[in-house]
Amino acid sequence: MKKTNLFIFLLLSVFSLAQVQKIKIDTIITPEIGGIKQAIEIKTDDSGKPILLFLSGGPGSSMMKNADSFTGILKNKFTIVQWDQRDAGKTLELNPSPVQPSVDLMGKDTYEVIQILRKQLKQKKIYLLGSSWGNALGFYIVRNHPELLHAYFAVNPVISQLKSEKELLKTLQTHFKEDAVATRELASVHIPFTNDEDLFYLRKWLFYKDGKKYVTGDDFKKGFLQWSKTWSPAWNEVMKIDLPKTLKKVECPIYFFVGKNDVQTSTAITKGYFEQVKAPKKDLFLFENSGHQIHKDEPELFQNRIIKTLDY
């Protein structure tokens, strides 16, 4: 073989090896976002895999600790990213938010997270998944920056939350009509909420219905009302979200995941919005054996249906 041809052959071989080399990542980075350090966990066996960023529910909750239980299949297709939002999880451990969290502020945080991931992993777009409250942030991106998304996964989403909370109150009043304490406390609830105890009683009896007996104790009430000091203003913003009126068309593919037994974010309301909204691609997946937390109730099916959308 001539020297020139041998050189070209070796050069192409090196280039091919570089192309197939897989870069593994298992780390938590803490960049400054919105004026504070925020924790972002990145896990992948190949950094070239598309990014899937989870937006936790709550607000004030973290999906990071238990993420392996509902991403074990997804990691075969995606670079998995968990982010602890301000005043939640590892981000709260690093630093509390110096200002009251709001949907707009945390929507901007979400945008910064996406930009950091795009730069770090050298990808133009990401897949974004919002769980419950996380959809307040997810739809902020869908509305304002759809060009950054391959697709959006709306899991048990907040769509018309005022209407949903009213339906929840009626459901609980019917369910507990023979329980004098529940009947009295639920009768005191005003929607829209006028104070933190309105939301407390609604969530107390929702959780009790789901089998969480500890909610009748003083510690739960104390903890919930402490949570409210940080988060009730943001949740009151969520109560004003009414996507059928304000977001009738989206500019990226969107997939809705709803639990058949979810009464916290009304499945019927989500179905109605799905039928109405215009999108380049859309679908709705109903999980027969799930309530409000599909990723916990049916983790395998949850993951496989996300992967199914890649074939669309």
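The values are calculated or read from the model by the stated rules, or taken from the named source; none is laboratory data. This structure is a prediction, so every number in the text was calculated from the model and none was measured. Glycine also receives a Cβ, built like all others from the backbone with ideal geometry; neighbour counts cover every protein chain displayed.
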#### Entry: Selected residue [of a type in the set (Gly, Ala, Ser), in the same structural domain as LEU55 (by TED's automatic domain parsing) and either assigned to a loop (DSSP other than H, G, I, E, B) or under 30 Å from GLU197 (Cβ atoms) (or both)] from SER232, SER228, SER290
SER290
### Task
Output the residues belonging to segment 276-312 that are surrounded by 15 or more Cβ atoms within 10 Å (Cβ to Cβ), over 23 Å from SER160 (Cβ atoms) and of a type in the set (Phe, Trp, Tyr).
PHE302
### Query
What number of residues within segment 47-83 satisfy the criterion of being at pLDDT 95 or above, of a type in the set (D, E, K, R) and in a loop (DSSP other than H, G, I, E, B)?
2
### Summary
Residues of segment 261-276 being under 20 Å from MET239 (Cα atoms), not charged (D, E, K, R) and not in a helix (DSSP H, G or I), in sequence order, are VAL263, GLN264, THR265, SER266
### Message
Could you check segment 2-46 and list, in sequence order, the residues that are aliphatic (A, V, I, L, M), at pLDDT 50 or above and exposed (fewer than 12 other Cβ atoms within 10 Å of the Cβ)?
### Response
LEU6, VAL20, ILE23
### Message
Please go through segment 39-84 and give me each residue that is in contact with a Lys or Arg (Cβ under 8 Å, 6 or more places away or on another chain), small (Gly, Ala, Ser) and more than 30 Å from LYS229 (Cβ to Cβ), ordered by number.
### Response
SER47, GLY48, SER69
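One line per residue, one yes/no per condition, for (1) in contact with a strand residue (DSSP E or B) (Cβ under 6 Å, 6 or more places away or on another chain); (2) in contact (Cβ under 8 Å) with a residue 40 or more places away in the chain; (3) polar (S, T, N, Q); (4) within 19 Å of VAL258 (Cβ to Cβ):
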{"site": "GLU165", "(1), (2), (3), (4)": "no, yes, no, yes"}
{"site": "ASP179", "(1), (2), (3), (4)": "no, no, no, no"}
{"site": "ARG184", "(1), (2), (3), (4)": "no, no, no, no"}
{"site": "ASN195", "(1), (2), (3), (4)": "no, no, yes, no"}
{"site": "ASP198", "(1), (2), (3), (4)": "no, no, no, no"}
{"site": "LYS204", "(1), (2), (3), (4)": "no, no, no, no"}
{"site": "PHE207", "(1), (2), (3), (4)": "no, no, no, no"}
{"site": "GLY211", "(1), (2), (3), (4)": "no, no, no, no"}
### Task
Check LYS212, LYS282 and return the single one that is over 21 Å from GLY130 (Cα atoms) and basic (Lys, Arg).
LYS212
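Does ILE51 qualify as being buried (at least 22 other Cβ atoms within 10 Å of the Cβ) and over 14 Å from the mean Cα position of the chain (by Cα)? Can you show your working first?
Numbers: buried (at least 22 other Cβ atoms within 10 Å of the Cβ): yes; over 14 Å from the mean Cα position of the chain (by Cα): yes.
Taking the combined requirement at face value, the residue satisfies it.
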